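Trainee: Handing you a structure now.
Here, each number is a calculation from the coordinates, and none is a lab measurement. Computed from a predicted model, the values in this text were never measured in an experiment. As a convention, Cβ positions derive from the backbone with ideal geometry for all residues, glycine included, and neighbour counts pool all protein chains shown.
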Amino acid sequence: MWRQFDAGDLSGFFMVGDTGHILPADTNPHYRCIKEVLMEKEKLFYERLAERGVTRRDFMKYCTFLTATMGLSSSFIPKVAEVFAAPKERPPVIWLHFGECTGCSESLLRSQYPYIDDLVLETLSLEYHETVMAAAGQQAEDQLKASAKKYSGKFICVVEGSIPTKFNGGYGKIGGRTFLDIAKEICPQAAAVIAIGACATFGGIPAAAPNPGGYKSVTEAIGIKTVNLAGCPPNPVNTVGTILNYLLLGKLPAVDELGRPMFAYGKTIHDQCPRRSHFENAEFVEEFGSEEAALGYCLYKMGCRGPETYNNCPIVKFNDGTSWPVQAGHPCIGCSEPAFWDKFTPFYEEM
Ligand code: FSX
Ligand code: SF4
Ligand code: F3S
């Protein structure tokens, strides 16, 4: 008899004989069989990437970037690659949409690496997602019910959008049921709930004043704790990093007092901003299109909320590392902070 256990440091799978001695894993035929299946999976994964013009080197570069973003040491890079290339398990995911613009899903769907279909179809078992699922109408409703029942206590619930609470939640319905009812039924059954975007995490634009529908964040609406991927939209790298943390380490990442993963929201924009030296030298842009703007001076006087905003945009950037608001000459409007539509407006004015 052999037992298999996953070493805490994720250094691989080992076998323990009945005597309790740790023996070389590849002496066991069962292990060799698993290993061969994983190797075959990995091979097919790289072949598919190659068909799309992505080399193994490109992919490893992305894994290195993701590992560094997550604050893990470089020794995790091969493990990160393995999670995508040859996942050992595919956790079920139920993805709910409430009051939002779907920009959060869009930002993830537009992320180049890993291609979303690889991430979604191979790394996760996406049981329900209104934007990408083929089912519609009653079939979709049935799928939601069946998957929540089948995976009760085991699935990851991702929530996008805020929840109207006035008039018994009457401002938002799917299939005749309010968002509020759906959230109350589904979220408590999940192993973990990830709130994605400003709307789900802190209410976002639907909850901005005067908020006639009583829109609230998931936590405020139904009283459950969520991991909060703040931002309007959040950076897809942080979404992938959070899911990866779960797959790699079996738990969600450490969070700040607002539920935001520390690896992404541990520092202010201002503390990581390449324009910071201009701020220190009091070199400010005072008009868009000016010479100071062309020189890349600090945008504080144009209403930049970078000093009060926690996010990693200057480091990870958007559009696969192309740029981010301040690099494009636009002040940070504080989109990853609670109630930023109310708290930080009027935009473009120094606070
Ligand atoms: Fe909100 Fe997401 Fe802003 Fe939009 O779905 S965070 S409005 S980008 O997309 O919820
Ligand atoms: Fe800080 Fe914004 Fe100026 Fe950057 S542009 S240094 S974040 S105030
Ligand atoms: Fe949002 Fe500011 Fe980043 S507006 S996208 S937190 S630079």
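Trainee: Once Lys and Arg get +1 and Asp and Glu get -1 on their Cβ, which of Pro253, Ala209, Tyr128 lies farthest toward the positive end of the dipole of the chain?
Mentor: About the Cα centre, the residue reaching furthest to the positive side is Tyr128.
Trainee: Tell me, what HN-Hα J-couplings in whole Hz come from the Karplus equation 6.51 cos²θ - 1.76 cosθ + 1.60 at θ = phi - 60° for each residue of region 187-198, using x for Gly and Pro?
Mentor: Going residue by residue, I get 4, x, 7, 7, 6, 7, 10, 10, 8, 10, x, 4 Hz, with x marking Gly and Pro.
Trainee: Starting from the Cα of Glu291, step 7 Å along the direction of its Cβ; do the same at Ile174; then give the gap between the two resulting points in nm.
Mentor: Modelled inter-label distance: 5.5 nm.
Trainee: In sequence order, what are the phi-derived ³J(HN,Hα) couplings for region 169-186 according to the Karplus relation 6.51 cos²θ - 1.76 cosθ + 1.60 with θ = phi - 60°, rounded to whole Hz, with x for glycine and proline?
Mentor: With coefficients 6.51, -1.76 and 1.60, one gets x, x, 6, x, 9, 10, x, x, 10, 6, 4, 4, 4, 5, 4, 5, 7, 7 Hz.
Trainee: Further, regarding this structure: About the Cα centre, and with charges only on the beta carbon of Lys, Arg (+1) and Asp, Glu (-1), how big is the dipole of the chain? Nearest 20 debye, please.
Mentor: Working: 33 positive and 40 negative charges, 193 e Å.
Dipole size: approximately 920 debye.
Trainee: Going by average Cβ neighbours within 10 Å, how do the peptides 285-291, 98-104 rank, with the highest at the top?
Mentor: Working: 285-291: 12.6, 98-104: 20.7.
For the peptides 285-291, 98-104, the packing ranking is 98-104, 285-291.
Trainee: What shape does region 195-351 have by the C-alpha gyration tensor, where a ≥ b ≥ c are the square roots of the eigenvalues, rounded means a/c under 1.5, and otherwise prolate means a/b greater than b/c and oblate the rest?
Mentor: Numbers: a/c = 2.51, a/b = 1.44, b/c = 1.74.
It comes out oblate by the Cα gyration axes.
Trainee: May I ask you to derive the relative contact order of region 59-191, considering only C-alpha pairs under 8 Å and at least 6 residues apart, and to give it as an integer percent? Don't skip to the answer; put the middle values down first.
Mentor: Details: 162 pairs, mean separation 36.1, N = 133.
Reported as a whole number, the value is 27 percent.
Trainee: Measure of size requested: the Rg and Dmax of region 98-208, with Cα atoms as the atom set and Å as the unit; please supply both.
Mentor: In Å, with Rg to one decimal and Dmax whole: 14.1, 43.
Trainee: I'd like to compare 132-144, 310-322, 222-234: which one has the highest average count of other Cβ atoms within 10 Å, and what's the full order after that?
Mentor: 222-234, 310-322, 132-144
Trainee: If you count, for each residue, the other Cβ atoms within 10 Å and average over each peptide, how do 300-307, 39-46 line up from highest to lowest?
Mentor: Descending mean neighbour count gives 300-307, 39-46.
Trainee: Send over the Kirkwood Rh of the chain, from the inverse of the averaged 1/r over different Cα pairs, rounded to one decimal Å. Don't skip to the answer; put the middle values down first.
Mentor: Details: mean 1/r = 0.0454 Å⁻¹.
By the Kirkwood definition, the hydrodynamic radius is 22.0 Å.
Trainee: List the GluC sites (Glu not before Pro) within region 296-351 that DSSP assigns to loop and that have no more than 12 neighbouring Cβ atoms inside 10 Å.
Mentor: Here the GluC sites (Glu not before Pro) that fit, given the DSSP loop and packing criteria, are Glu349, Glu350.
Trainee: Under a 5 Å amide H to amide H cut-off, with H placed in plane at 1.01 Å, what residues pair with Asp256 once short-range neighbours are removed?
Mentor: Met262
Trainee: Another question about this same structure. List, in order, the whole-Hz ³J(HN,Hα) value for each residue of region 73-85 obtained from phi through the Karplus relation with A = 6.51, B = -1.76, C = 1.60 and θ = phi - 60°; use x for Gly and Pro.
Mentor: 6, 5, 5, 7, 4, x, 5, 4, 4, 5, 4, 7, 6
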